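One structure is given here, and the rest of the page talks about it.
The values are calculated or read from the model by the stated rules, or taken from the named source; none is laboratory data. Predicted model only: the values in this text are computed from it and were never measured. Heads up, the Cβs are rebuilt from the backbone with ideal geometry, glycines too, and the neighbour counts pull from every protein chain shown.
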Ligand code: SF4
């Protein structure tokens, strides 16, 4: 084992794996999706037209459900889940626990504030739909609605991207070796958010909103592919140990072909497989986005 | 004992100076020094650490045993009772229940008639700039008055970020209490004026404990002694690892090595986790702005297309109004061409 280490392609190979497994992969996927959909919903609310509001509502609901599932995943993954609050409140002093140079610490605050604001945005949306008392509709209107939308937009982008920072602030292979992971996760999060909004908003919301979300998904998929190529091209001698085996196959087949190229084809030729082309493409994008997190997290974990 | 040169603080810890009564502001100079808070008999607060001279390690593992003994760590090896097949090393690595680990490196020719053993007792480096401490989101990892790095087991919630952040692969989860654990440089013993258990047990003074400044002098002298001895040309020069500030601000547990660091499983340029952040965050921030702009452009284009469509529709309906029989107007009539 020591002989192997002596030829390690990077100093990151001397470290131990934190054993972040499938729970964290799910969390990264759902967190990215939540952030992406809140960002897109905020964009539609702030810069779109009145007819976009129905798609924006879909975005907030998706973000709320996704963060409600992914937050607990983070807690379950702790070795001492009953102490999760130690990340928010200093257990010894009762003061707030904030460490601006620790991405997990910042991330916990992003997740908490994000959950609060998408909850408020969703309350406003539910009131508009008449599902809860009218009074809450104020959360979706006027300056208050704009402020909530703007916070959701900004926190959404931060939520989609910070997980890359969590991985970068280690000394692990790939995560610490490539500076592109944060950007990759951000793009993939927005793309997954767009795909989820297409699945739930397609046929039920304004055609103009669907077209814009569809466009955004195409752009983010293209950029994501570009970033993936840059990562692969700059990994050098790390490429073999990381992606030489099964994770390389998952990356090429699952992420690139199934999760990006086929959806791009369907978006480009929306009648290719009948009227279901768009939702099919969106579902494939979600699969690709999940597999991307699996490849990035688990290919490093096994070293 | 040669390797214990730090002296207990009973005599050196100054008592708090008298503070003026009656609510007068306390001048800074009169605030008691940190040593005043140390328990009686503790070492005075100054950087303490280990200097490990690998050239005299004999691989007896007394340090491993003493460490487990003093710290109450399980010796069941996590239930693993198979041999590793990796030389005489069966504890395999540092982790939550192995806070000292003796590495065995065999450098032999094919037929094993020629060669040498390298042995090294590995431990937490108590980095002056510690990656584990930097990333810990609960504040469980703290720096002590001895400039050592200690994990508070009652605060740690097992997020495991420190495991991947340590550049040396030191920390892991202890399966007994399910929190991240590692060497404390026997913080409890230091508070009683006792040297760490491993250093006390080491029979060859390979592990030496004391004030860092003094250890560095000792290490330098030993390095010069080794360099002055004849050695085969092909053999790399001995060197100190972590004794200067070339990485992580220096290591409070530093080494004298008889070969390249990688041979001992040590990284050549260990980095602080935060060193990787600026590029990562910068690229993500540029991406965030870019995606936002793309969205705005998309919405703008959509509005333009709608205006154009409306204009076309108006044009058609205008023509329809002038000549109800016509569905398409002539060019001269186009008002917004
Ligand atoms: S060697 Fe690792 S565990 Fe020890 S202080 Fe440095 S970063 Fe922390």
- Return yes when residue A:292 is surrounded by fewer than 21 Cβ atoms within 10 Å (Cβ to Cβ), assigned to a helix (DSSP H, G or I) and on the phi < 0 side of the Ramachandran plot and no when it is not. no
- Might you let me know whether the stretch A:110-124 holds any residue that is buried (at least 18 other Cβ atoms within 10 Å of the Cβ) and within 14 Å of chain B (Cβ to nearest Cβ)? yes
- Mind checking whether some residue in the stretch B:232-249 is away from the ligand (no atom under 15 Å from the Cβ), part of a strand (DSSP E or B) and in contact with a helix residue (DSSP H, G or I) (Cβ under 6 Å, 6 or more places away or on another chain)? yes
- Identify, from the list A:105, A:112, the residue that is out of contact with any helix residue (DSSP H, G or I) (no Cβ under 6 Å at 6 or more places or on another chain) and within 30 Å of residue A:205 (Cβ to Cβ). A:112
- Query: Restricting attention to the stretch B:272-300, and to residues there that are at the interface with chain A (Cβ under 7 Å from one of its Cβ atoms) and within 13 Å of the ligand (Cβ to nearest atom), which single residue is nearest to residue B:55 (Cα to Cα)?
  - Reply: B:273
- Message: From the list B:252, B:280, exactly one residue is in contact with a helix residue (DSSP H, G or I) (Cβ under 7 Å, 6 or more places away or on another chain), outside the structural domain of residue B:102 (by TED's automatic domain parsing) and surrounded by 15 or more Cβ atoms within 10 Å (Cβ to Cβ). Which is it?
- Response: B:280
- Any residue at all in the stretch A:71-94 that is within 12 Å of chain B (Cβ to nearest Cβ), touching a strand residue (DSSP E or B) at 6+ places or on another chain (Cβ under 7 Å) and surrounded by fewer than 14 Cβ atoms within 10 Å (Cβ to Cβ)? yes
- Query: Which residue, of A:180, A:175, A:143, is farther than 30 Å from residue B:272 by Cβ and either within 8 Å of chain B (Cβ to nearest Cβ) or surrounded by fewer than 24 Cβ atoms within 10 Å (Cβ to Cβ) (or both)?
  - Reply: A:143
- Message: Going by what's in this entry, would residue B:269 be described as outside any loop (DSSP other than H, G, I, E, B), within 16 Å of the ligand (Cβ to nearest atom) and either more than 10 Å from every other protein chain (Cβ to nearest Cβ) or closer than 30 Å to residue B:135 by Cβ (or both)?
- Response: no
